[in-house]
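Worksheet: one structure, shown below.
What follows draws every value from the coordinates through simple rules; no lab data is involved. In this text the structure is predicted, and so the values were computed from the model without any measurement. Backbone-built Cβ (ideal geometry, glycine too); neighbour counts: all protein chains shown.
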Amino acid sequence: MEQLSQQVNDLLQSRRYDPEILTDLERYVEAQCKEGAYDGDANLACLKLYQFYPEKTNVSVVVKILLKALAALPSSDFVSCLYLLGEKTQREVPVVTVITWADFLETGNFVDFWNSLQTNKDIIQGLVGIEDSFREFMLAVISRTYYRIHLSVLQKLLCMSQDDLICFLRRHGMTDITNDILRFPSTEENQPRPKTIGEQLPLRKVLESLSYYS
Amino acid sequence: MNGLVEDTRSSSWRRNNSTDLNMNTFSDLSDRDADAHFNVPESVQQFLSYFRQKFREGNVSEVHTLYETSFNRYSERYFKTTSWPNPEVAAKYVDNDEVFLLFYKELYYRHIYSRLQPTLAQRVEAWDNYCDLFNFILNDGIVEFDLPPSWLWDITDEFIYQFETWCHYRNRLKNKTEEEIAYLKDNEHIWNVNFLLQYLHAMVNKSNICPWLLNGNEPVGSSDPDDDDFDYSTIPVYRFLGYFSIIGLLRVHCLLGDYKLALMVLQPLDFDDNTALFTRVTACYISLYYYMTFAFLMLRRYEDAVRVLGSTLLHIGRIKQHHTRSYQYEQIHKRTDQMLALLAISLVFSCQNVDESVNSMLREKFGDKILRMRQGEESVFEELFIYACPKFVSPCSPDYDRPIDRHMEASYLQTKTFMREVGQRLAVPEVKSFLSLYTSIELAKLAQFMETTEEMFRSFLLCFKHKTFVFRGSPGQAPAEGSFVSCAPVSFYVDNDVVRVMDTKMESKFGEYFLQHIGKLQDFIQMLEQKTKLSH
């Protein structure tokens, strides 16, 4: 994998817009899916070549890139991918489905996301560990929103049985459970603490203003 | 890199060999032009000859005046509705100076693009001339020359502009003749996006501008062309062309919708440097900040967009007065308004404020629209976005067998994706307005007030937290860099079934207050000084 990643990086340095490197880029996407790795920049370069040479578009690779980008939330990788897709690709059935998934995830609608995923399981086939990647994103959002949460609510949000959930939480260092209520490790956001917005006046701004008058 | 240049050159040779026959079909117009200019006014003849003389002497300040002022004056006087003398005719007055003619041709076609409707033949000739010009430059042609930075910027910028118009032209098939379509089909290399990018990259590499920038604006090699480690960044013409090509790449990537790469090419630029090369040409300064902040907006970096647009608009407000009579004034004015619109959109999604003077510009221009966006009116977002966005292009050739107009497709797709994001965010202001009414309330109750189910309300809260967790850079960082921070207009957390909202205290802003009054005092003093001058 490391070797492949290095090789692709070299190719992007020297021949970023050469359609002949597509086979390598596509192979790299497949490898990322199998090994649970991720290289957003290389994948964008692949989509860009599809944009330049639409006849070479491989929809199944596009779907994989989109899924990997979606699992990389909260980064903006997924929209970055969408901006590069042509109208025709955006209308392909699996692409349409993945775009609805993005809508669900981005609007906190995790329950509907899992429902749709269960009925379209074939789309994520071959993407090792992708469901857990989605869960990690969700857990990060949930832990910024909740200080304490009932396990039954969390189970629904993450679509897991109670036993699996407890294992998953333990893996992420969250073990403070009493009476089926989980307490998240405290962060700046889930603590009762008044926020103060101070004045932000960088020196640069003062200098800019003063230099104008001098 | 040399390989790249060879490639492109051979493609334009191919055109010369195989497509000249085709070209004859379109060349009537240029012939007629030549006839029309058979009688070139004597003052124009003298101007051309003088222009060429100063160009050869390397008298930059004189060339600057001739380029910026005289050329436009003559255009206004003699060539308002026609083109400048055909390069073949003009050759007579400049001693057949091939180098000067390369530059003259660029001006000639640029003038046609700005005043007249270029024909297919002229678009193709303009492309060929760019290939010749860039190949000449890349093959050390202008090592001995010196040209004003504004001219070099205009060449780079116009090159991309003509590419942009070509993409739109090619995708508008409805009113094209069969001959024209056949020609387009056979000549994929003309204004090809790949060649365009290769020329810009080749210019960046040739100029050695990146090492120059990373070395604190100092060349890393020798300034003697005979030395083995001769460094092209020691020659101003190459240094500027390389630098401007970086900003050109930013623009091209934005037009293609590749915003991440657009920001990544800016990596070597130093934004803290008051004498950075982009400050030398106003049009370049504006282009850089317009496309950079547009990329921020598209990558959901609203906080960065607000920060950078705020200070840029302040700066433009100050320099604008120096340009009131320049031909660039219109352009500056339009871009400023577009940037204000970008700022209006970003502000709705951000939790920052901008400087009071920028704020008053905003209120005057888009006050009502900002209000409506805050209330969640999606159509206003779309309207402002379409007004403020660049002219996106589809880089690939259309389906020539289905003659329909597809030139708006790229814009449509970018707008659609942007509006998807807007739609996702609509819950944020609504949740905020409800939350700020309470300090502690049961989740189920609040859901009821918002007329939704508890489950739905939980997802609104998650959406709020997700959308206010943003990627943000800082002034010292490269544009592509940054980290995630929480930027929520209201802080809250859920404790099992109860939502607890935290107070936010605002500290008084003494610094800003003093700055404002220092400014007012200065303006007042200036006014008094002028009054006393006048009365003397």
Can you list the lysines whose alpha carbon is less than 22 Å from that of B:K92, not counting same-chain residues fewer than 8 positions off?
B:K54, B:K105
Residue farthest toward the positive end of the dipole of region B:174-308, with Cβ of Lys/Arg at +1 and Asp/Glu at -1: which of B:S287, B:P225, B:H189?
B:S287
Give me the mean projected area, in nm² to one decimal, of the convex hull enclosing the Cα positions of the protein assembly as shown.
37.9
Using θ = phi - 60° and the Karplus relation 6.51 cos²θ - 1.76 cosθ + 1.60, list the HN-Hα couplings for region B:453-470 in order, rounded to whole Hz, with x at every Gly or Pro.
7, 5, 4, 4, 5, 4, 6, 4, 5, 5, 4, 4, 5, 5, 6, 9, 9, 10
Can you show me the helix-derived [θ] at 222 nm for the protein assembly as shown, built from DSSP H runs with n ≥ 4 at -39,500 (n - 2.57) apiece and divided by the number of residues, rounded to the nearest 500.
-20000 deg cm²/dmol
Where the only charges are on Cβ atoms (+1 Lys, Arg; -1 Asp, Glu), what is the dipole of region B:195-293 about its Cα centre, to the nearest 20 debye?
660
How big is the antiparallel share of DSSP beta bridges in chain B, given as a percent to the nearest 5?
95
Semi-axes (Å, rounded, descending) of the ellipsoid equivalent to region B:116-188 per its C-alpha gyration tensor are 30, 14, 9
How compact is region B:292-393 by the rule of thumb for globular proteins, expressed as Cα Rg over 2.2 N^0.38 Å?
1.05
Each residue of A:205-211 has, on average, a number of other protein chain C-beta atoms within 10 Å of its C-beta equal to 5
Between B:F469 and residues 5 or more places away or on another chain, the pairs with built amide H atoms under 5 Å apart involve B:C487
What list of ³J(HN,Hα) couplings, whole Hz, do you get for region B:129-141 from phi and the Karplus terms 6.51, -1.76, 1.60, once you set θ to phi - 60° and write x for glycine and proline?
5, 4, 4, 4, 5, 5, 4, 4, 5, 5, 9, 6, x
Over chain A, volume per residue of the alpha carbon convex hull, in Å³:
197
Taking +1 at the Cβ of each Lys and Arg and -1 at the Cβ of each Asp and Glu, which of B:M203, B:Y104, B:A480 sits farthest along the dipole of chain B towards its positive end, judged by Cα position relative to the Cα centre?
B:A480
Which net charge results for the neighbourhood of A:L151, defined as the other residues with beta-carbon distances under 14 angstrom from its beta-carbon, given Lys and Arg at +1 and Asp and Glu at -1?
-1
Can you flag which of A:K205/B:K369; A:K56/B:K391; B:K334/B:K432; A:K34/B:K467; A:K64/B:K260; A:K88/B:K174 are past 23 Å Cα-Cα?
A:K205/B:K369; A:K56/B:K391; B:K334/B:K432; A:K34/B:K467
Can you sort B:C389, B:C487 from fewest to most other Cβ atoms within 10 Å of each residue's own Cβ?
B:C487, B:C389
Once you wrap a convex hull around the alpha carbon atoms of region A:116-208, what is its projected area averaged over all directions, in nm²?
10.4
For chain B, what is one quarter of the convex hull surface built on the Cα atoms, given in nm²?
32.2
For B:F524, B:F244, what ranking results if the residue with the fewest other Cβ atoms within 10 Å of its Cβ goes first?
B:F524, B:F244
For each of A:L44, A:L67, count neighbouring Cβ atoms within 10 Å of the residue's Cβ, then give the residues from fewest to most.
A:L44, A:L67
What number results when the radius of gyration of region B:426-502, computed over Cα atoms, is divided by 2.2 N^0.38 Å?
1.28
Please list, in chain and number order, the residues 5+ apart from B:K391 or on another chain whose amide H is under 5 Å from its amide H, with Hs placed from the backbone.
none
How charged is the neighbourhood of B:R251? Take every other residue with its Cβ under 13 Å from the Cβ of B:R251, and add Lys/Arg as +1 and Asp/Glu as -1.
-2
Can you list the HN-Hα couplings for region B:485-497, worked out from phi with the Karplus curve (6.51, -1.76, 1.60; θ = phi - 60°), rounded to whole Hz and with x for Gly and Pro?
9, 8, 10, 9, x, 8, 9, 8, 8, 9, 9, 6, 10
Pairs of Cα atoms under 8 Å, at least six residues apart: use those to get the relative contact order of chain B, whole percent.
12
How big is the charge dipole of region B:292-393 about its Cα centre, in debye rounded to the nearest 20, if each Lys and Arg gets +1 on its Cβ and each Asp and Glu gets -1 on its Cβ?
320
Principal axis dimensions, region B:400-536 - Cα atoms, whole angstrom, descending:
77, 64, 32
Å³ per residue enclosed by the Cα convex hull of region B:114-246:
115
Given H placed on each backbone N at 1.01 Å, which residues far from B:F492 in sequence or on other chains put an amide H within less than 5 Å of it?
B:M502
Could you tell me the largest-minus-smallest coordinate of the C-alpha atoms of region B:210-366 on each of the three principal axes, in descending order and whole angstroms?
59, 36, 26
Please compute the Cα-Cα pair-distance distribution of region A:1-109 with 5 Å bins starting at 0, giving whole percents from short to long.
2, 12, 25, 23, 21, 10, 5, 1, 0
Which whole-percent values make up P(r) of region A:100-148 when all C-alpha to C-alpha distances are grouped in 10 Å steps starting at zero?
23, 55, 19, 3
